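Student: A single structure is presented below for examination.
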Amino acid sequence: MQPLEKFQYDNKIVRNFAFATIIWGVVGMLVGLWIALQLVFPKALNLQPYFNFGRIRPLHTNAVIFAFVGNGIFMGYYYSLQRLLKTRMASDALSKIHFWGWQLIIVAAALTLPLGMTTGKEYAELEWPIDIAITIIWVVFGWNMFATILKRRERHLYVAIWFFIATFVTVAVLHLVNSFELPVSFFQSYSWYAGVQDALVQWWYGHNAVAFFLTTPYLGLMYYYLPKAANRPVYSYKLSIIHFWALIFLYIWAGPHHLLYTALPNWAQSLGIVFSFTLIFPSWGGMINGLLTLRGAWDKVREDVILKFMVVAVTAYGMATFEGPMLALKTVNAISHYTDWTIAHVHIGGLGWNGMLTFGILYWLIPRIFRTELFSKRLANLHFWIATLGIIFYAVPMYWAGFQQAFMWKQFTGTGQLKYQFLETVTYMKPFYATRAFGGGLFLIGALLMMYNLFKTVQKGKLVANEDAEAPALATAYDTHQGEHWHRRIERKPIRFMILALVVILIGGIVELVPTFLIKSNVPTISSVKPYTPLELQGRDIYRREGCYTCHSQMIRPFRSETERYGEYSKAGEFVYDHPFQWGSKRTGPDLAREGTSNLKKSNAWHFNHMDDPQAISPGSIMPAYSFLLSNEIDTASTAAKINAMRTLGVPYEKGYEYKANKDLSEQARKIQMNLLTDSVRVRPNAEILAIIAYLQRLGTDIEKK
């Protein structure tokens, strides 16, 4: 019998990430409630410019994804990994660098996004210096994890660690590929990809950020904490193997289902549909494995509040992973896309799966590392019911709103005319938005109750910073045993396991992305499409800065209801000079792809007054005001650098054009200024409002309606 080795687990790093999870969770939910209420009270709560909806909506998504969920992942990972491997983390210093580096990245995001420093790509808005910091800290995290795995005292890697490894390698690949950008200044860059290619890369990243940041690490946490809380083994080892390998192989292909009926090539859309639909099988395999782990323990579930949180979480995972494949079917997607149905779907996963599992883990973990009992089980039960009701009050109105939006957008009168103006569909949504805000408020109140409960728990306990443990040393021989499962041999080789996982996830990415870049026919050019003028380019950057893509799409699908409302459907060749693409994923406002065409064209004065006071021009509008654009000056000092960057990216500006670009900019701005003067509108000749008007009036003019 091998002698036992004594060592200590590091609980201090677990505590740090736990506290960060709680604090950032409340902050992220508070910002979410604020933007929900902005859609109900647009004039009172949009505090321009820094706290307009378009600027702080990305702040909310980044806060809940990378701050709340991210810290929750690391909290659960640092506690479970040490115990599954029976060793302390390889480096306390790397653990501390990881913690403080991650918090500094979050703070940087919280400062830059309200300032309008954004790449304009959903879930990847952070600019290039922060992207570099994320890369460095992610490497620190991965290095420490693999160094710990290599010094383990447990031969086999438990299923939770499989998911941690897949998360590390896949997020690294996703981040590096999607963040490939050309800096223009210290806090502005242009995506290296353009138009259709940029859209495909972005949603390959965007969907898999959900898959490999919000799902696979949480499945790892489920496989550890659910059996621990229930005091029962995982239902099926073999099902775990099928669940893991099938999930990571299939998930990476699913991104194109966010771009159905768009200008993306049909073959890529079809691949996305097929693999998205088949995802239901491994996803539900994981849900079944989790729920059946509780077989024989349902009496305990009724009594144990921690298990209640976890059961709701796993159930929400099952609901979201059934609905996701359904939304990837073209017939369903034609209804759901651009509507609040998608918002409901996302929050079933976010609030139900990520939120409730995080709460359950916190209630289980904090008393253990502080060697005390939970301060109040009654408060925890109250939190559970308030949070569950919050999810219901959030999701149900959004589902209803989504169905109503889709049907109102598509409805025609008996004489063949569109029945509803877009603004009518917006005003119809306000009661649903108010109810959604109420649900979000309930969920936030529950989180505040948890914060108080856990604070009191910490007060009455004492952190065991270095927890004593002992285990036999790992045998050096990696021998096999007769009758053992073949997968055990893979589990004993962590580096080979990582490489195999990397190969599995790379297959889908390569097959989908590479042909779109190498085969020219995937993005046919259109001779009438020209580069943006310097003023339009500056206006486009302002549009991106203000987060207009969060509410407006620029992609008309080939449906009669959309071509009648907006104009000719969108073509792939229209977007070859768009760095980044701005197709959007939600229509809180109307599509703008043809905003400048003759049948939809509004006067310069209309745009001026609409940006200054949207409600005065469109009663019932929920758009924020942008009156600061009337006084802000165009940053003409950046024009030359932007022209140079665009030329580097393949936009055909003539050599030396950067030296006369500002002259052309001033001439075009002067023409718009004079046009406004004919409508008795006076504006300074270098005001940002002129640039945004120029950009909006350009949209769609390269393609005339047939």
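Please treat every number below as a calculation from the coordinates, not as lab data. Remember, it's a predicted structure, so these values are computed and weren't measured experimentally. Please note: Cβ atoms are built from the backbone with ideal geometry, for glycine as well, and neighbour counts cover all protein chains shown.
Student: Count neighbours as other Cβ atoms within 10 Å of each site's Cβ, and list the chymotrypsin sites (Phe, Trp or Tyr not before Pro) in segment 508-600 that are DSSP loop with at most 15 such neighbours.
Tutor: On the way: sites: 517, 532, 543, 549, 559, 566, 569, 575, 577, 581, 583; in loops: 532, 559, 569, 577, 581, 583.
Listed in order of number, the matching sites are 559.
Student: State the Cα centre-to-centre distance between segment 153-218 and segment 583-634 in whole Å.
Tutor: Computed from Cα coordinates, the inter-centre distance equals 34 Å.
Student: Return the loop-located chymotrypsin sites (Phe, Trp or Tyr not before Pro) in segment 628-700 (DSSP other than H, G, I, E, B) with at most 10 other Cβ atoms within 10 Å of their own Cβ; answer none if there are none.
Tutor: Values: sites: 628, 653, 657, 659, 695; in loops: 653.
Sparse-neighbourhood loop chymotrypsin sites (Phe, Trp or Tyr not before Pro): none present.
Student: Something else: Along the charge dipole of segment 416-511, pointing to its positive end and built from +1/-1 on Cβ of Lys, Arg, Asp and Glu, which listed residue (442, 469, 487) has its Cα farthest out?
Tutor: Towards the positive end, the residue furthest out is 442.
Student: On to the next question. Using the Cα centre of segment 534-698 as the reference point, and only Cβ charges (+1 on K/R, -1 on D/E), how large is the resulting charge dipole? Debye, rounded to the nearest 20. Present the calculation step by step, with values, prior to reporting the outcome.
Tutor: Details: 22 positive and 20 negative charges, 46 e Å.
Its charge dipole is roughly 220 debye.
Student: To continue, here is another question. Where does each of 529, 314 land when they are ranked from fewest to most other beta-carbon atoms within 10 angstrom? Write down the numbers at each step before the final one.
Tutor: Numbers: 529 16, 314 27.
Ascending Cβ contact count within 10 Å gives the list 529, 314.
Student: Under the Karplus relation 6.51 cos²θ - 1.76 cosθ + 1.60, θ = phi - 60°, what is the ordered set of whole-Hz ³J(HN,Hα) values for segment 151-158, x standing for Gly and Pro?
Tutor: 9, 5, 10, 10, 5, 8, 8, 5
Student: In debye to the nearest 20, how big a dipole does segment 564-646 give about its Cα centre with +1 on each Lys and Arg Cβ and -1 on each Asp and Glu Cβ?
Tutor: Numbers: 8 positive and 10 negative charges, 44 e Å.
The calculation lands at about 220 debye.
Student: Just to compare against my own numbers: the Cα pair-distance distribution for the chain, 10 Å bins, whole % per bin, please.
Tutor: With 10 Å bins starting at 0, P(r) equals 3, 14, 25, 26, 17, 10, 4, 1, 0, 0.
Student: Any idea how far the Cα center of segment 249-265 sits from the one of segment 653-706, in Å?
Tutor: After rounding, the separation between the Cα centres reads 36 Å.
Student: So if I take the centroid of the Cα atoms in segment 1-49 and the same for segment 337-397, what is the distance between those two points in Å?
Tutor: 13
Student: Within segment 623-662, which GluC sites (Glu not before Pro) sit in a loop by DSSP and count at most 11 neighbouring Cβ atoms inside 10 Å?
Tutor: Numbers: sites: 633, 654, 658; in loops: 654.
Those satisfying the criteria are 654.
Student: Given the -39500 (n - 2.57) contribution per DSSP H run of 4+ residues, what per-residue ellipticity at 222 nm results for the chain, rounded to the nearest 500 deg cm²/dmol? It would help to have the intermediate numbers written out before the result.
Tutor: Values: 28 runs with 427 residues, N = 706.
So the calculated ellipticity at 222 nm is -20000 deg cm²/dmol.
Student: Right, next: Suppose we take every Cα in segment 352-493 and form the convex hull; what volume per residue is that in Å³? Numbers along the way, then the final one.
Tutor: On the way: hull volume 33.8 nm³, N = 142.
Hull volume normalised by residue count: 238 Å³.
Student: How large are Rg and Dmax for segment 639-706 when only the alpha carbon atoms are used, in Å?
Tutor: Considering segment 639-706 through its Cα atoms, Rg and Dmax are 14.3, 41 Å.
Student: While we're on this one: From the residues 269, 72, 599, which one has its Cα farthest along the dipole of the chain in the positive direction, the dipole being from +1 and -1 charges on Cβ of Lys/Arg and Asp/Glu about the Cα centre?
Tutor: 72
Student: Let me know the charge dipole size of the chain about its Cα centre in debye, to the nearest 20, where only the beta-carbon of Lys, Arg (+1) and Asp, Glu (-1) is charged. Write down the numbers at each step before the final one.
Tutor: Working: 65 positive and 46 negative charges, 270 e Å.
Using only the charged Cβ atoms, the result is roughly 1300 debye.
Student: Output the pairs from 410/571; 308/330; 96/377; 86/238; 12/228 with a Cα-Cα distance over 26 Å in this structure; if there are none, say none. Don't skip to the answer; put the middle values down first.
Tutor: Numbers: 410/571 21 Å; 308/330 36 Å; 96/377 32 Å; 86/238 24 Å; 12/228 21 Å.
Violating the 26 Å limit, Cα to Cα: 308/330; 96/377.
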